[in-house]
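Following: one structure in structure tokens, then a few remarks.
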Amino acid sequence: MRRVEAEALVGASRDEVWQLLDDLEGMPRWMPGVRAVSASGPAHRGTLFQERSVLLGVPRTRRWEIEEHRPPVRQVRVAREGALERRLTLSLDTRGSGTRLHAAMDLRSSLVLPLGIVHELLATVIATLAERRLVGAVKRAFEGRPRR
């Protein structure tokens, strides 16, 4: 198993950040590359949703299930595709007048060794980009683009 992590301090309350992350079908409005999301209903344990997106110019469709839903502190989303399982844990905690968003993606391949190790390492490269994009997009949703 491999783990990829990213975090950001967001200039918004924990409830506001949670509301943004919990609005699954609203993701295309703030998350670059996400084209569409369709969900089986409001976010809660057991909700299924499908995300259509483009990453590094490659279109993809991923099916997720919310495995844990503890507003406004923690949400765990799981996607199983072929031999790879992705487990995304989103954690929020208050820091001063803002919120620390921590995203951790666990990647587990069911391929036999040594193929499983190579599979996880390749998936880690893409997951690193995706996690950084996620926490950066949440930060920009509340704070806008930084000045240069």
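The values are calculated or read from the model by the stated rules, or taken from the named source; none is laboratory data. Because the structure is a prediction, the values reported are computed rather than measured. Reconstructed Cβ throughout: ideal geometry from the backbone, glycine too, with neighbour counts over all protein chains shown.
Return a yes/no flag: does region 25-35 have any residue that is buried (at least 19 other Cβ atoms within 10 Å of the Cβ), hydrophobic (A, V, I, L, M, F, W, C) and not in a strand (DSSP E or B).
Yes, region 25-35 has at least one match.
Assess whether R62 counts as being under 15 Å from the mean Cα position of the chain (by Cα), in a strand (DSSP E or B) and either under 16 Å from L134 (Cα atoms) or touching a residue at least 24 places away in the same chain (Cβ under 8 Å) (or both). Reasoning before the result, please.
Working: under 15 Å from the mean Cα position of the chain (by Cα): yes; in a strand (DSSP E or B): yes; either under 16 Å from L134 (Cα atoms) or touching a residue at least 24 places away in the same chain (Cβ under 8 Å) (or both): yes.
Yes; evaluated as a whole, the condition is true for this residue.
Do we find that L107 is in a loop (DSSP other than H, G, I, E, B) and of a type outside the set (S, T, N, Q) in this structure? Even if it seems obvious, please write down each step before you answer.
On the way: in a loop (DSSP other than H, G, I, E, B): no; of a type outside the set (S, T, N, Q): yes.
So L107 does not fit the description; no.
Just checking, which of L101, L115, L121, L111 is at pLDDT 95 or above and crowded, with 18+ Cβ neighbours inside 10 Å? If you could, list the steps in order and put the result at the bottom.
Working: L115 fails: crowded, with 18+ Cβ neighbours inside 10 Å; L121 fails: crowded, with 18+ Cβ neighbours inside 10 Å; L111 fails: crowded, with 18+ Cβ neighbours inside 10 Å.
Result: L101 is the single residue among L101, L115, L121, L111 that is at pLDDT 95 or above and crowded, with 18+ Cβ neighbours inside 10 Å.
Filter region 79-99 down to residues that are touching a strand residue (DSSP E or B) at 6+ places or on another chain (Cβ under 9 Å) and polar (S, T, N, Q) and give me whichever is nearest to E68 (Cα to Cα).
Restricting to residues being touching a strand residue (DSSP E or B) at 6+ places or on another chain (Cβ under 9 Å) and polar (S, T, N, Q), the top hit is T89.
Pairs under 9 Å by beta carbon, first residue under 24 Å from V17 (Cβ atoms) in region 119-139, partner assigned to a helix (DSSP H, G or I) and of a type in the set (F, W, Y), six or more apart or different chains?
A137/W30; V138/W30
Cβ-Cβ distance below 6 Å, separation of 6 or more or different chains: which pairs start in region 66-93 with a residue that is in a strand (DSSP E or B) and end on one that is surrounded by 15 or more Cβ atoms within 10 Å (Cβ to Cβ) and among the hydroxyl-bearing types (S, T, Y)?
I66/T47; R74/S91; V76/T89; L84/S109; L92/T99
Which of the following residues is surrounded by fewer than 17 Cβ atoms within 10 Å (Cβ to Cβ), at pLDDT 95 or above and under 30 Å from T94 (Cα atoms): R70, R52?
Values: R52 fails: under 30 Å from T94 (Cα atoms).
Sole residue among the options that is surrounded by fewer than 17 Cβ atoms within 10 Å (Cβ to Cβ), at pLDDT 95 or above and under 30 Å from T94 (Cα atoms): R70.
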